[in-house]
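Peer 1: Got a structure for you, written out below as structure tokens; questions coming shortly.
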Amino acid sequence: MQALTDLVLDWYLWIKWLHVVSVIAWMAGLLYLPRLYVYHCGVEPGSATSETFKVMERRLLRAIMNPAMVAAWTFGGLLLAVQDWSGGWLKVKIALILALTWHHHLQALWRKDFAADRNVRPARFYRIQNEVPTLLMLAVVLLAVVKPF
Ligand code: HEM
């Protein structure tokens, strides 16, 4: 354990760089996938456009969002190993990131509905869901940067 904390301290800023870059890729997907679902609601199931949306959604989730989420948790988790836990900001940040991770899983479940042509939710539902990662991101970045408490 001591060896790990020493390693993280030696490489702290490099690990934080990797953390922030992974978070950017993860957030890009979390903000864009529900927007694709909004557009997907407007096309006929089985049409060529619908099939194109399915490919875009699958690739975005599998090739970008899933690996980026794992990387954000891995590098963020390494940073956690050397934090001062006396303030409240980090605990609240972790709670909000768990909510963000839950939203990622919800988005993955909705993708399966579109892939099987069985989505019944209206575009308005996905438009509202699109705001959830936006609001969580605003709060998480505020906590990580300003550390207000
Ligand atoms: C996935 C799980 C995550 C964990 C375990 C985690 C943990 C951490 C830790 C321990 C730090 C170091 C804080 C410091 O050096 O002051 C950090 C930095 C940071 N995190 Fe996260 N984080 C996670 C996800 C996120 C997400 C989703 C965002 C943005 C939406 C984010 C944004 C940031 C930013 C901007 C910093 C740099 C703060 C600074 O240096 O001022 N993190 N994170």
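The values are calculated or read from the model by the stated rules, or taken from the named source; none is laboratory data. On a predicted model such as this, the values are computed, not experimentally measured, just so you know. Note that each Cβ is placed from the backbone with ideal geometry, even for glycine, and that neighbours are counted across all protein chains shown. Keep in mind that these areas ignore ligands, DNA and RNA; they rest on the heavy atoms of the full protein, side chains included. Shrake-Rupley method; radii C 1.70, N 1.55, O 1.52, S 1.80 Å.
Peer 1: Of all residues in the stretch 49-99, count the ones that are farther than 30 Å from D117 by Cβ and of a type in the set (S, T, Y).
Peer 2: 2
Peer 1: Anything in the stretch 83-97 that is closer than 19 Å to L9 by Cα and more than 6 Å from the ligand (Cβ to nearest atom)? List them, or say none.
Peer 2: If the condition is that a residue be closer than 19 Å to L9 by Cα and more than 6 Å from the ligand (Cβ to nearest atom), then D84, W85, S86, L90 are the ones that fit.
Peer 1: Restricted to the stretch 59-114, and to residues that are of a type in the set (K, R) and touching a helix residue (DSSP H, G or I) at 6+ places or on another chain (Cβ under 7 Å), which residue is nearest to C41 (Cα to Cα)?
Peer 2: It comes out as R111.
Peer 1: Turning to a different aspect of this structure: Restricting attention to the stretch 109-149, which residues are hydrophobic (A, V, I, L, M, F, W, C) and more than 16 Å from the ligand (Cβ to nearest atom)?
Peer 2: L109, W110, F114, A115, A116, V120, A123, F125, I128
Peer 1: How many residues does the stretch 1-30 contain that are more than 18 Å from the chain's Cα centre (by Cα) and within 12 Å of M65 (Cβ to Cβ)?
Peer 2: 0
Peer 1: Going through the stretch 73-82 one residue at a time, which ones are open to solvent by 50 Å² or more (accessible area, probe 1.4 Å) and in contact with a Leu (Cβ under 7 Å, 6 or more places away or on another chain)?
Peer 2: F75
Peer 1: Further, regarding this structure: Considering each of L61, L79 in turn, give the residue that is touching a residue at least 40 places away in the same chain (Cβ under 8 Å), in contact with a Lys or Arg (Cβ under 7 Å, 6 or more places away or on another chain), more than 13 Å from the ligand (Cβ to nearest atom) and not in a loop (DSSP other than H, G, I, E, B).
Peer 2: Selected residue: L61, the only one of L61, L79 that is touching a residue at least 40 places away in the same chain (Cβ under 8 Å), in contact with a Lys or Arg (Cβ under 7 Å, 6 or more places away or on another chain), more than 13 Å from the ligand (Cβ to nearest atom) and not in a loop (DSSP other than H, G, I, E, B).
Peer 1: Since S47 meets every condition but one in (1) surrounded by 12 or more Cβ atoms within 10 Å (Cβ to Cβ); (2) free of Cβ contacts under 8 Å to residues at least 60 places away in the same chain; (3) of a type in the set (S, T, N, Q); (4) more than 18 Å from I97 (Cβ to Cβ), which condition does it not meet?
Peer 2: Of (1) surrounded by 12 or more Cβ atoms within 10 Å (Cβ to Cβ); (2) free of Cβ contacts under 8 Å to residues at least 60 places away in the same chain; (3) of a type in the set (S, T, N, Q); (4) more than 18 Å from I97 (Cβ to Cβ), only one is false for S47: (1).
Peer 1: Continuing with this model, one more query. Just a yes or no: is a residue in the stretch 40-56 within 18 Å of the chain's Cα centre (by Cα) and within 16 Å of the ligand (Cβ to nearest atom)?
Peer 2: Among the residues of the stretch 40-56, not one is within 18 Å of the chain's Cα centre (by Cα) and within 16 Å of the ligand (Cβ to nearest atom), which makes the answer no.
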